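Since the structure comes first, as structure tokens, the remarks are kept for the end.
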Amino acid sequence: MADTFEERLADLQRKERIDKEINSDFVSKTVKSSLFFDENSEIDFLASQRFPNDPLASYKYRFIGDELYYEDPEGDFTQDGKRYSKEFVVPTDSGIFGLNVPNNYIYPNLVPAATFAADLTGGLKGAQLGFRQGLKLVSNPALPFTKSPLTAALTVLGTTAIGGFGGNAVVGGVARGARELGISSFYNLPPEEIEEAYKDLLISSGFSAIPFGAGPSRQLLNKFRGKEDTLNYLLNLRKSESEIIEEAKRLGFDLTPAEATAIGTKARSIQGFINRQAETEKIFNFYNNRNARIRQAVTNFADGLADIKSTDDIGRVLQDISQKALDKVHAARKANAKVIYDSLENAPERIQFDANSIVKMIDDKLTDRALDPDVRKGLESYKELMFDADGNLITDLMSMHQRRSGSIGNLIATADPYTKKVLNDIKIQMTANMDEASDGVYALARKVYDPTQPNVLSYERGIIASLSKLVKDPQTAKAVKTLFNPRATESALRTAKNQLKDVDPEAFQLVKKEYFLQTLDDFTKGTFDEGLPRFKNFFQTGNAQKMVNALLEPEEVADLNKLIDLMDRAYSVAKSGSPTQPLRALEKQLMSETGGLGTGAINTMLSIIRLPGRIATGQVGDEILENIKYKQAESYYKALADVLFDPDASKSIDEAYNYLSSLGYLGGQAGARAVGEGVEAISEPSERPYTGKAGRRALEGDNLQSQLDSALESFTPSNIPIVPPATAVTPESALSETVLPNPDDREIARRLVTGRGGIGSLA
């Protein structure tokens, strides 16, 4: 009895020691067992570890649900009169790398996940290569079988499938070879394991042959069938509007096919929608580069009006023309003004004005140490002219009038632009002091002499007379704007044109050039984005059109109108704004064109996946669906943006379709394989006993007879009757609420058991 007790105690202690050792090496055991492709080979390995001296220990194992159990007299789970314990006892520590993820989920899936990733990577790269090769084939005019749209489409899809299969086979084969090599380091590879690994590779490669994301597939088929989706529509539009697009290109900038077509077309809505998506570098660069090119196009138009480069010629010609035009009336104007000036000259008392404040004004400016040298020199010269030869300050009004009209005027006229402005400001203040000292008489004299005033002869109120005065001031920019005055009458404009052309036609062209350059600068002082459309809008007004028709030659008007029209097209599509109802409808249409897995198919797939709860559940699945859907849409929007904003991207229709949606492929592959997992999970029985070849390693090297003898000696006949009793478990009872509490799960399982509807019925 003691021996029996001691043996019993020793056996229990040995079992406890073994259990402790095995359970303490949870990670190693789970990772090693996850290397196996054959379930029975995995069980053989685990049995050899737990029961090293029992050649038939594998028969003590069975799956109950998703858990692997082994026979254990001390086990806490009873099934069919036998007690069982879990093979994998999860340690109490939490997760991997400190993450709160169950150990029993992470470690057993590390190796399968790596293999899955290898399959998808190899399949994707192979599919991409096959897709590109297929497009090359159907683009080859020497191959007659590609003339049929259906044949061409099948060719591309076929090469994509072959590439996906081959890529998966190579990369997946390497991954599986690494797994088998790993197994061989601690266990002799059984033939069943190698065969199962080979079958798994074939199945995985078969999945990779499904060309998800090709084109995407729907666009590819539409292309070859000649059916117009949005992408094809834009491509064909670029061809049909090529003349207008090329016309803009000749002027130096690009138009999108949407901008080139008529206002109110679908294409402009598409471009407006794409503009409102997340800003891409392509779109941003297109608009910014184009603004710079449009501004250059306007500059080129202005340069085309005159070959003369020096702006000094403008002042010269304006002065010459105005002088000749006013020679006949100048004497009369001078005489009228002279009467007033003489009254000031001959006044009983000489009129004195405040010259001290002017000198102080100059001195204050000279105290600035950072003053420009040219400005300083000009101020010093102006100050010298405020004194007579004896060094006395000139306060006599008419004495200063002579210097104001002569030497001071000449000083300002010959100064550089910035110095000219500083000196002119002083002259203006000095003139104001002279007006005040004479009670306005001096101002009246100047007003009578000024040809721009209403009381002057009508001819002197004309454009040429105004130009004469401004040049003398001189104010070239204002002079040009005085000539190009949209508020002037058409008659006055044509008169000025004819007078200027009579004197110097070439110089008149320079004036026109200067006008357009000045106007462009005025409108684009802020941003090109705002200024160029306003420049375009200005020349579309009635007054501006009247002005250019009067001052420009007919061919120049035609060139300007062409430029303005193309600019109008370039700015015809809004770059931003809130989405409107039509745009929402367009978004729905574009989403339907994205190809890949359809929404219904993905939803069905996720419903199946959620049942066993192996890969995705609930909200996670929904997020996967949305991510796939919108990433596919993003890929499609990028293709549309390429056709719209990149002229080189659509040199051929094939190039525009030369992409394979990586996410569509990966998402489709993951979904398709997950469906297989889900079907397997709901179709396999809740209890799966070992069905392999137990004791293969222990019996290796023995002859067949010795193996049979050993097996028979250890075999214990079952007391279960051959004819199942009435209480035996039936397929119907296996579908009870205890086994499958969810009614939907029981419905799906019932269809699988009875063969009603198959996978299709799950939808």
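Find how much the distance from S343 to I394 grows on full extension, using 0.36 nm per residue of separation minus their present alpha carbon separation; answer in nm with one decimal.
16.4 nm
Can you tally the net charge around A550? Count Lys and Arg as +1, Asp and Glu as -1, for every other residue whose Cβ sits under 13 Å from the Cβ of A550.
+3
Separation between the D66 and A335 pseudo-spin-labels, each 7 Å from Cα along Cα→Cβ, expressed in nm?
Taking the simple label geometry, D66 and A335 are separated by 11.5 nm.
Grab the Cα-Cα distance for V89 and R14, subtract it from 0.36 nm times how many residues apart they are, and report the gain in nm with one decimal.
Length gained between V89 and R14: 25.2 nm.
What is the extension gain from D374 to T299, computed as 0.36 nm multiplied by their sequence separation minus the C-alpha to C-alpha distance, in nm to one decimal?
Additional length available on full extension: 23.9 nm.
Which FRET efficiency value, to the nearest 0.05, do you get for E247 and Q277 by plugging their Cβ-Cβ distance into 1/(1 + (r/R0)^6) with R0 = 25 Å?
Approximately 0.30, to the nearest 0.05.
Arranged from highest to lowest average of other beta-carbon atoms within 10 Å per residue, in what order do the peptides 69-81, 51-63, 551-563 appear?
51-63, 551-563, 69-81
Output ³J(HN,Hα) for the range 25-35: one whole-Hz value per residue in order, computed from phi by the Karplus curve 6.51 cos²θ - 1.76 cosθ + 1.60 with θ = phi - 60°, and x for Gly and Pro.
Rounded to whole hertz, the list is 10, 4, 4, 4, 5, 5, 5, 4, 5, 6, 5.
Enumerate the amide H contacts of E687 below 5 Å, restricted to partners 5 or more residues apart or on another chain; note that Pro and chain-start residues carry no placed amide H.
Under 5 Å from the amide H of E687 lie the amide H atoms of G65, each far enough along the sequence or on another chain.
Quick one: if the Förster radius is 56 Å, what FRET efficiency do A413 and K575 give, using the C-beta to C-beta distance and rounding to 0.05?
The calculated FRET efficiency here is 0.75.
Peptides 379-391, 361-373: what's the order by average Cβ count within 10 Å, highest mean first?
Output ranking for 379-391, 361-373: 379-391, 361-373.
To the nearest 0.05, what FRET efficiency results for Q540 and E506 with a Förster distance of 30 Å applied to their C-beta separation?
0.55
Give me the one-decimal nm value for the distance between modelled label points at T367 and S662, 7 Å along each residue's Cα-to-Cβ direction.
Output for this residue pair reads 7.0 nm.
Please sort 397-404, 188-195, 520-527 by packing, taking for each peptide the average over its residues of neighbouring beta carbons within 10 angstrom, highest first. Don't jump to the answer; show the numbers that get you there.
Numbers: 397-404: 18.2, 188-195: 16.4, 520-527: 13.5.
With the highest mean Cβ count within 10 Å placed first, the list reads 397-404, 188-195, 520-527.
Quick note: the coordinates plus some simple rules give every number you see, no bench work behind them. Note that the structure is predicted; figures quoted are calculated from it, not measured. In this analysis, Cβ positions are derived from the backbone assuming ideal geometry, glycine residues included, and neighbour counts consider all displayed protein chains.
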